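The values are calculated or read from the model by the stated rules, or taken from the named source; none is laboratory data. If you're wondering where the values come from, they're calculated on a predicted model, not measured in any experiment. Because the Cβ atoms are built from the backbone with ideal geometry, glycine has one as well, and the counts that use them run over all protein chains shown. Ligands, DNA and RNA are stripped out before the accessible areas are found, and what is left, the full protein with its side chains, is counted by its heavy atoms. Shrake-Rupley method; radii C 1.70, N 1.55, O 1.52, S 1.80 Å.
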Amino acid sequence: MANYKGHLAGAVAVNTACVLGASLLPGELLAQTGGLFSNWQFVAFLYFISMLFGLWPDIDTNSKGQDIFFTAGFVLNIVLIWQGYLEASAYLGLLAMTPIIGKHRGWTHSKWAMLVVPLPIVLVSYLYRDALLPATVIIYGAAVAGYFSHLLLDGRITKYVRVKG
Ligand SMILES: [Zn+2]
């Protein structure tokens, strides 16, 4: 039950563990990512993604995460309508309603959501740009790391860790 600063710090901590872990992978495996870990912008981007997904689960309540994602969704929806993608706009609107159906710490705070919500990151590159697949799998990992940190601090992974806030 950390506040948004606690969740950002949690996401940074878990993502750091993942980045350090990934940097220990054998050289051949790292080479498949095009040497992405020698690229500080990519590592910074991983932290950005991890922090976003560290805030995401609280989209189901009045929170910083809700402010960020609803503002981004609103702007994206305007762009979609403006560009004539009305069907995509309708689906985005439908998806945007799902977190506020049900109670706070409902499905957005479940372990399956931690794995499924970031999945479009990988699926989009798998379907359209499979050359980007190694990079997007790492980005997916950063998203899951951030999501995991949120559930951990909310006491959803183990009852022994729960941060009041
Ligand atoms: Zn939460």
Counting only residues in the range 1-15 that are closer than 13 Å to GLY65 by Cα and either in contact with an Asp or Glu (Cβ under 9 Å, 6 or more places away or on another chain) or without any contact (Cβ under 8 Å) to a residue 24 or more places away in the chain (or both), the one farthest from the ligand (Cβ to nearest atom) is identified as LYS5
- Message: So, VAL122, is that one in contact (Cβ under 8 Å) with a residue 12 or more places away in the chain and not in a loop (DSSP other than H, G, I, E, B) or not?
- Response: yes
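Kindly indicate which of PHE70, PHE74, PHE148 is within 13 Å of the ligand (Cβ to nearest atom), open to solvent by 50 Å² or more (accessible area, probe 1.4 Å) and assigned to a helix (DSSP H, G or I). Walk me through it before giving the result.
Values: PHE70 fails: within 13 Å of the ligand (Cβ to nearest atom); PHE74 fails: within 13 Å of the ligand (Cβ to nearest atom).
Step by step, each of PHE70, PHE74, PHE148 is checked, and only PHE148 is within 13 Å of the ligand (Cβ to nearest atom), open to solvent by 50 Å² or more (accessible area, probe 1.4 Å) and assigned to a helix (DSSP H, G or I).
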Checked pairs for the range 74-89, first among the basic types (Lys, Arg), second in a helix (DSSP H, G or I) and modelled with pLDDT of 95 or more, C-beta under 8 Å and 6 or more apart or across chains, list as none
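Residues to consider are GLY155, GLY84; find the one that is in a loop (DSSP other than H, G, I, E, B), more than 16 Å from the ligand (Cβ to nearest atom) and open to solvent by less than 100 Å² (accessible area, probe 1.4 Å). Break it down into steps so the answer makes sense when it comes.
Details: GLY155 fails: more than 16 Å from the ligand (Cβ to nearest atom).
From the options GLY155, GLY84, the qualifying one is GLY84.
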When the range 1-37 is checked residue by residue, the ones that are of a type outside the set (Val, Ile, Thr), surrounded by 16 or more Cβ atoms within 10 Å (Cβ to Cβ) and modelled with pLDDT under 85 are ALA2, ALA22, LEU30, LEU36, PHE37
Selection from the range 122-141 of residues closer than 22 Å to THR16 by Cβ, at pLDDT below 90 and open to solvent by less than 70 Å² (accessible area, probe 1.4 Å) yields PRO134, ALA135, THR136, ILE138
Note: among TRP40, TRP112, TRP56, just one is within 16 Å of the ligand (Cβ to nearest atom) and open to solvent by 80 Å² or more (accessible area, probe 1.4 Å), namely TRP112
